[in-house]
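The values are calculated or read from the model by the stated rules, or taken from the named source; none is laboratory data. Since the model is a prediction, treat every value here as computed from it, not as a measurement. In this analysis, Cβ positions are derived from the backbone assuming ideal geometry, glycine residues included, and neighbour counts consider all displayed protein chains. Side chains are part of the model used for accessible areas, which takes the heavy atoms of the whole protein and leaves out ligands, DNA and RNA. Shrake-Rupley method; radii C 1.70, N 1.55, O 1.52, S 1.80 Å.
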Amino acid sequence: MERQPRVILISAVISAALGLIAGFLGGRLAAPPVPVATPAAEAGAAVQAQDFQLVDQAGRVRGRLGVDTQGAARLTLFGPDGALPRVSLAATPQGGAELELGDGQHQNAVELKAHKDARNIALYHEGKLRLGLEVQKDGEAAVNLYDKGHRLIALGLTNQGDPHLTFYGEGHKAAMEMVSKKNGDRSLNLLGKNGTPRVVLGLKNDQKAALGLFDHKGKTRVALMDEPSLILLKAGKPVRTLP
């Protein structure tokens, strides 16, 4: 009769021991505990550097963000060859902004600039300026056409809203001008090499017309008006009047 309680006691001890061993092994064999995430960086924290570079799989620099030697904050993107810039976006230290686009063969293809004194758009062909659009600080606007980098034609609008057209010749100086004003004045001016008027055909207030011929110094030699009258001048003084 005493044997049965002893058997029960031994069985209980063995069961408890097996339970402890199983719990220990279960804790050791189970997946490691997930690490507790560290607190995220505080909102507003900044990463500072003077130059960021973007590289492709081959290690070539394809993009760069930094401050250039002129003090402009600039983002530059390169083509697959990593040589010429394809896109350049900058904020200048003077407060302006610039955008330059390349065609992969030449440095410039399109330029867009916004400064406090002017806004400009420039289009290039094979690296040479061909077309320019500008708006000046005073509101004057112009479309300029170029050949070999020199302006040949300018179509403009004054800040009063008067259109004018100018052709440029030798020495890149104005050779012919056409002006049309809101008050009715119209004029066609042929200019000499020094920029002085040589021939002027004008219409005053849409009523009176006149033709003036000038010497190389800009002094009037002949004046023809629709009154009608013809005036011949010498040294700026009338010498003959017809009729």
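Kindly evaluate LYS217 against the criterion of being outside any strand (DSSP E or B), more than 23 Å from ALA141 (Cβ to Cβ), without any contact (Cβ under 8 Å) to a residue 40 or more places away in the chain and touching a helix residue (DSSP H, G or I) at 6+ places or on another chain (Cβ under 8 Å). Judged against the criteria, LYS217 is not a match. Once the stretch 225-240 is narrowed to residues that are open to solvent by 80 Å² or more (accessible area, probe 1.4 Å) and part of a strand (DSSP E or B), the residue that is modelled with the lowest pLDDT is VAL239. In summary, THR92 fulfils each of the numbered conditions (1) surrounded by 15 or more Cβ atoms within 10 Å (Cβ to Cβ); (2) farther than 30 Å from GLN50 by Cβ with the single exception of condition (2).
Among the residues that make up the stretch 196-209, is at least one of them within 37 Å of the chain's Cα centre (by Cα) and in a loop (DSSP other than H, G, I, E, B)?
Our first condition is that a residue be within 37 Å of the chain's Cα centre (by Cα); within the stretch 196-209, this holds for 196-197.
Adding the requirement that they be in a loop (DSSP other than H, G, I, E, B) leaves 196.
For the stretch 196-209, residues within 37 Å of the chain's Cα centre (by Cα) and in a loop (DSSP other than H, G, I, E, B): present.
Here is a yes/no grid of residues against (1) out of contact with any Ser or Thr (no Cβ under 9 Å at 6 or more places or on another chain); (2) modelled with pLDDT of 95 or more; (3) over 30 Å from ASP185 (Cβ atoms):
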site: PRO85; (1), (2), (3): no, no, yes
site: GLU126; (1), (2), (3): yes, no, yes
site: LEU131; (1), (2), (3): yes, yes, no
site: GLN136; (1), (2), (3): yes, no, no
site: THR166; (1), (2), (3): yes, yes, no
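Annotation note: Cβ proximity below 8 Å between a residue of the stretch 104-126 that is within 14 Å of ALA91 (Cα to Cα) and a residue that is outside any strand (DSSP E or B) and open to solvent by 50 Å² or more (accessible area, probe 1.4 Å) (sequence gap 6+ or interchain) occurs for HIS115/GLN94; HIS115/GLY95; LYS116/GLN94; LYS116/GLY95; LYS116/LYS137. Cβ-Cβ distances below 6 Å connect the following pairs, each with a first residue in the stretch 135-159 that is among the β-branched types (Val, Ile, Thr), a second residue that is in a strand (DSSP E or B), and a separation of six or more residues or different chains: VAL135/ARG119; VAL135/ALA141; VAL143/LEU133; VAL143/LEU155; ILE153/LEU145; ILE153/PHE167.
Considering only the stretch 52-64, I want to know if a residue exists there that is aromatic (Phe, Trp, Tyr) and open to solvent by 60 Å² or more (accessible area, probe 1.4 Å).
If we filter the stretch 52-64 for residues that are aromatic (Phe, Trp, Tyr), which is where we start, we get 52.
Of the ones still in play, those that are also open to solvent by 60 Å² or more (accessible area, probe 1.4 Å) are 52.
Yes, there is a match, as at least one residue in the stretch 52-64 is aromatic (Phe, Trp, Tyr) and open to solvent by 60 Å² or more (accessible area, probe 1.4 Å).
The residues listed here are GLN160, GLN107; of these, the one that is open to solvent by 50 Å² or more (accessible area, probe 1.4 Å), under 30 Å from PRO80 (Cα atoms) and not in a strand (DSSP E or B) is GLN107. Say whether the condition of being among the aromatic types (Phe, Trp, Tyr), more than 12 Å from the chain's Cα centre (by Cα) and open to solvent by less than 50 Å² (accessible area, probe 1.4 Å) is met by at least one residue in the stretch 65-84. Yes, because at least one residue in the stretch 65-84 is among the aromatic types (Phe, Trp, Tyr), more than 12 Å from the chain's Cα centre (by Cα) and open to solvent by less than 50 Å² (accessible area, probe 1.4 Å).
So which residues in the stretch 119-138 are on the phi > 0 side of the Ramachandran plot and open to solvent by less than 60 Å² (accessible area, probe 1.4 Å), if there are any at all?
Just the residues of the stretch 119-138 that are on the phi > 0 side of the Ramachandran plot, to begin with: 126-127.
Selection gives GLY127 alone.
Residues that are loosely packed, with under 15 Cβ neighbours inside 10 Å, out of contact with any Lys or Arg (no Cβ under 9 Å at 6 or more places or on another chain) and charged (D, E, K, R) within the stretch 176-210 comprise LYS182, LYS208, listed in sequence order. Of the residues that make up the stretch 141-156, is at least one among the polar types (S, T, N, Q) and part of a strand (DSSP E or B)? Taking every residue of the stretch 141-156 in turn, at least one turns out to be among the polar types (S, T, N, Q) and part of a strand (DSSP E or B).
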